[in-house]
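Asks: There's a structure below that I have some questions on.
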Amino acid sequence: MLYSEKVMDHFRNPRNVGVIEDADGVGEVGNAKCGDIMKMYLKIKDGIIDDVKFETFGCGSAIASSSMATEMIKGKPVSEALQLSNKAVAEALDGLPAYKMHCSVLAEQAIKSAVQDYYEKKGIPHDSALFADLECCHDHDHGAEE
């Protein structure tokens, strides 16, 4: 079987889908090659991720990765959410096919992007190196304000 039960479960019954209207941080990342777009919303209280929601336009693996990633960071400190790696997401899903690993990378980057947005909105000093790998992956033309 190509996909694990966990991938199928998170694809069929994704957790934390939706929008947080007054989110503290919003991150959007996209992969133009495969057409997956992920948007992550964070509600942060006392440095803890109180709530997280996502909207993903993409394949089943992208949806499953987003769903699992939100489950893994909910209730965790922001600093811990930043440590979440795509490998950890893929492992939690009992593996992804090699050609779908980029979906778990997107989930990791969507979280980082939302945290970066939160830090910038709140004026929280942070190490920009944490977010260096985001530069390659933002689709700058997507919804950019002129």
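Rule-based calculations on the coordinates, nothing more; no lab input. Treat the numbers as computed from the prediction; the structure is a model and nothing was measured. FYI the Cβ positions are ideal-geometry reconstructions off the backbone, even for glycines, and counts take in every protein chain you see.
Asks: Modelled label-to-label distance, ALA32 and CYS59, 7 Å Cα→beta-carbon offset: nm?
Replies: 2.0
Asks: When DSSP assigns beta bridges and you keep just the ones with both residues in the chain, what percent turn out antiparallel, to the nearest 5?
Replies: 95
Asks: Which of the GluC sites (Glu not before Pro) found in region 1-104 are in a DSSP loop and have at most 13 neighbouring Cβ atoms, other than their own, within 10 Å?
Replies: GLU21
Asks: Net charge near ILE48: determine it from the other residues with C-beta under 13 Å of the C-beta of ILE48, scoring Lys and Arg +1 and Asp and Glu -1.
Replies: -1
Asks: Report the net charge of residues surrounding PHE57, where surrounding means a beta-carbon distance below 11 angstrom and charges are Lys +1, Arg +1, Asp -1, Glu -1.
Replies: -2
Asks: Calculate the spin-label point distance for HIS126 paired with GLU91, positioning each point 7 Å from the Cα along the beta-carbon direction, and give it in nanometres.
Replies: Result for the modelled spin labels: 2.4 nm.
Asks: Would you mind getting me the FRET efficiency between LEU2 and GLU80? Use the beta-carbon distance for r and R0 = 30 Å, nearest 0.05.
Replies: Computed FRET efficiency for LEU2 and GLU80: 0.45.
Asks: Right, something else. Could you calculate the contour length gain from ASP46 to ARG12, that is, 0.36 nm times the residue separation minus the distance between their Cα atoms, to one decimal place in nm?
Replies: In short, 9.0 nm is gained.
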